[in-house]
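Notes for the one structure printed next.
The values are calculated or read from the model by the stated rules, or taken from the named source; none is laboratory data. In this text the structure is predicted, and so the values were computed from the model without any measurement. Quick reminder, even Gly has a Cβ in these numbers, built from the backbone with ideal geometry, and neighbours come from all protein chains shown.
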Amino acid sequence: MIAMSNSDASNRHQSLNSLKGEAIAIQGVSKRFGPIVGVDCVDLHVEAGEFLSLLGPSGSGKTTLLMMLAGFEMPSSGSITLGGRDLTHVSPNKRGIGRVFQRYALFPHMSVAQNVAFPLKMRGVRKDEIARLVEQALSRVRLQNYCGRMPAQLSGGQQQRVAVARALVFQPPVLLMDEPLGALDKKLREELQIEIKTLHASLGVTIIYVTHDQEEALTMSDRIAVMDKGRIQQLGSPVSLYHEPSSSFVADFIGKMNFLNGVVTGLDDCRIEIAISGQTFDVARSQIGGREEVAVGRSVRIAARPESLSPTDEGERAIAGEIETSIFLGPHRTLIVRTEDGTQLQIQVPSSHRDSGVTPRGRTFVRLDPAAVRVFAREA
Ligand SMILES: Nc1ncnc2c1ncn2[C@@H]1O[C@H](COP(=O)(O)OP(=O)(O)OP(=O)(O)O)[C@@H](O)[C@H]1O
Ligand SMILES: [Mg+2]
């Protein structure tokens, strides 16, 4: 069990209002399961108090990395430190890390208050202190009036809020969350995203949050590590990942993205000229994603967000196409346009109260904002 004296415990458990996050350093961490590589040489420094998301498709290694931070999996190689302390040989319960996972891991036979009190009991905190801290933790997730309820008498969202209160009640410097909202419906998920983000901002705890939902990662994170095949493909702020993806994988994974085929027709030290559907566009070399080599004659993929394309009647410096359909989405409309080479594009146009609801159809030209695109080499 957890060895911590009463005085230790009560010193650390004074108030949930003054949680202090700690930095995490992951260095060269890999995890192999026999021949399978779950996590492949990950280096990641998470700052104290940061909200960092691990985002990636299924099987990309997010949970495996989190499990090594929690101490439930041992790295095959590499090291993990928390606030400068080496965690490699520290058991999960002694790491002082809070955890919330996808399935509501509440104890079904314990009331809400007993669930939240559990980590404090394990740490030998005094009874009156437990009562005070449990109340404080439950009011932070707005469930102070639910102390006596059993988990089965709560909604999914309420159960996850209890799980958050239980993870935070012993004031861990770090909170690990693995798809904590995965089982909830979209509206509730969005509400709880804001709630967790607000809680994070007011507490100062370091949060590492696993999700495969890019919108969720964009909403909540200070930084996002995009994972694929056990590696971090790109690490950056939501804004930089959205506008400056370094690979077509990241470009495609974050937000909606259109890809157009083009050919490099000219280049100098600062600019490249690209032909797309017989039209030429001039873009800065800084818009080339990653470390891609470009040369005249090279085939490229041009990534353009739906909001950087617009329909126009004029054919000059625009790509000809046919509007196939359009979708009304409240604040904007998405036009689906098929270009002459068969590429399907999504174009976002603002909608207004004057939107007639009639789908515009027929021939159009698509203007592209050359300053807003990213250019990637096309794989052979
Ligand atoms: N105990 C294990 N034994 C063998 N292979 C494993 C084990 N745990 C994970 N893996 C493999 O490691 C890789 C990463 O798995 P992981 O669970 O970390 O992915 P994930 O990104 O969390 O995916 P998801 O979004 O589906 O939860 C996968 O190929 C998976 O099959
Ligand atoms: Mg997982």
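Per-structure values
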read-out	value
Qualifying residue in segment 275-295 (condition: free of Cβ contacts under 8 Å to residues at least 12 places away in the same chain and closer than 19 Å to residue 364 by Cα)	yes
Members of segment 32-61 that are within 13 Å of ligand 2 (Cβ to nearest atom), more than 15 Å from residue 223 (Cβ to Cβ) and touching a residue at least 40 places away in the same chain (Cβ under 8 Å)	38, 39, 57, 58, 60, 61
Residue match in segment 83-98 (condition: surrounded by fewer than 14 Cβ atoms within 10 Å (Cβ to Cβ), within 30 Å of residue 215 (Cβ to Cβ), assigned by TED's automatic domain parsing to the domain that holds residue 215 and away from ligand 2 (no atom under 16 Å from the Cβ))	no
One residue from 298, 271 being among the charged types (D, E, K, R) and buried (at least 16 other Cβ atoms within 10 Å of the Cβ)	298
Condition check for residue 76: in the same structural domain as residue 173 (by TED's automatic domain parsing), at pLDDT 95 or above and more than 24 Å from the chain's Cα centre (by Cα)	yes
Scope segment 282-313; condition over 18 Å from residue 263 (Cα atoms) and in a strand (DSSP E or B); matching residues	309, 310, 311, 312
Residue that is farthest from ligand 1 (Cβ to nearest atom) [pool: residues in segment 54-102 that are of a type in the set (Lys, Arg) and assigned to a strand (DSSP E or B)]	85
Lone qualifier among 248, 202, 240 - being of a type in the set (Gly, Ala, Ser) and more than 30 Å from residue 318 (Cβ to Cβ)	202
Strands (runs of 3 or more DSSP E) within segment 158-241 that include 3 or more residues more than 20 Å from residue 120 (Cα to Cα) and touching a helix residue (DSSP H, G or I) at 6+ places or on another chain (Cβ under 9 Å)	206-211, 223-228, 231-236
Condition check for residue 187: under 30 Å from the mean Cα position of the chain (by Cα), among the charged types (D, E, K, R) and more than 16 Å from ligand 2 (Cβ to nearest atom)	yes
Residue count for segment 13-33, restricted to those that are of a type outside the set (Phe, Trp, Tyr) and either modelled with pLDDT of 95 or more or within 26 Å of residue 239 (Cα to Cα) (or both)	12
Count - residues of segment 123-134 that are within 32 Å of the chain's Cα centre (by Cα) and surrounded by fewer than 16 Cβ atoms within 10 Å (Cβ to Cβ)	0
Number of the exception - residue 209 against (1) surrounded by 18 or more Cβ atoms within 10 Å (Cβ to Cβ); (2) more than 16 Å from ligand 2 (Cβ to nearest atom)	(2)
Members of segment 252-270 found to be in contact with a helix residue (DSSP H, G or I) (Cβ under 9 Å, 6 or more places away or on another chain) and in contact (Cβ under 8 Å) with a residue 24 or more places away in the chain, listed by number	253, 254, 255, 256, 257, 258, 259, 267
Some residue of segment 123-134 being part of a helix (DSSP H, G or I), modelled with pLDDT of 95 or more and in contact with a Cys (Cβ under 8 Å, 6 or more places away or on another chain)	yes
Yes/no for residue 177 being more than 29 Å from residue 23 (Cβ to Cβ) and either without any contact (Cβ under 8 Å) to a residue 40 or more places away in the chain or of a type outside the set (S, T, N, Q) (or both)	no
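Quick grid of which residues meet (1) polar (S, T, N, Q); (2) touching a Pro at 6+ places or on another chain (Cβ under 8 Å); (3) closer than 17 Å to residue 376 by Cα:
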{"residue": "271", "(1), (2), (3)": "no, no, yes"}
{"residue": "286", "(1), (2), (3)": "yes, no, yes"}
{"residue": "304", "(1), (2), (3)": "no, no, yes"}
{"residue": "309", "(1), (2), (3)": "no, no, no"}
{"residue": "316", "(1), (2), (3)": "no, no, no"}
{"residue": "326", "(1), (2), (3)": "yes, yes, no"}
